[in-house]
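These notes are about the structure you will find just below.
The values are calculated or read from the model by the stated rules, or taken from the named source; none is laboratory data. Computed from a predicted model, the values in this text were never measured in an experiment. Positions of Cβ are generated from backbone atoms using ideal geometry, with glycine treated the same way; all protein chains shown enter the neighbour counts.
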Amino acid sequence: MNDKDFDFQQNNQESGIVESYAKRQVETLMSKMQEKSKKESKRNKFYYSFLTLILLFCLVQIGFGVILNISKTISYRAKIATLEKIKARSEAYNIDLKQNITQFSSSSSLEGIARNNLKMAGEDEVLIIINDPKEQEKIEAEQLKLEAEQKKIREQNQKKQKKLLKRKQSKIKENAPLKEKEE
């Protein structure tokens, strides 16, 4: 063999060793790169999963808030409607009471009430009472009617006062958390 052939074989062996070493390094680098990419993909998956959960939680909170606000709006509108009805009834009742006041405040109507119901007579008058059972029954029936009406009016006033008291108490309860927050 020649020196050239020997050198060639030696070069081939050295180049084979270098190539195999280079291949091993490339393979280790490739495996390291694959491991890094797997770790990064795992991190990315975890990160995206976490963000997805946070977004879902936020959407649930927003949905709950919207539903709560809509239900409150509906209930408040219903309360407003009932309060307006109560206000209209109260105004009509006030008008009736004002008419009754003007009607009963005149002297002729007071005199009529005194003569008919209280059996009173004016000056220089003589009162004659005729006992007619039919008339007596009518008078008693009218008195019962008046008493029933007065009782009904008293009950209505008591109910209204109770409602007003409840409203004031509910307003105080609603405002109490606001005052606590301010403090």
Among the candidates 152, 119, which residue alone is surrounded by 10 or more Cβ atoms within 10 Å (Cβ to Cβ), part of a loop (DSSP other than H, G, I, E, B) and either of a type outside the set (Val, Ile, Thr) or modelled with pLDDT of 75 or more (or both)?
119
Suppose we filter 67, 86, 113 for residues that are at pLDDT below 80, surrounded by 10 or more Cβ atoms within 10 Å (Cβ to Cβ) and part of a helix (DSSP H, G or I); which single one remains?
113
Of the numbered conditions (1) closer than 30 Å to residue 79 by Cα; (2) at pLDDT 85 or above, residue 169 fails exactly one; give the number of that condition.
(2)
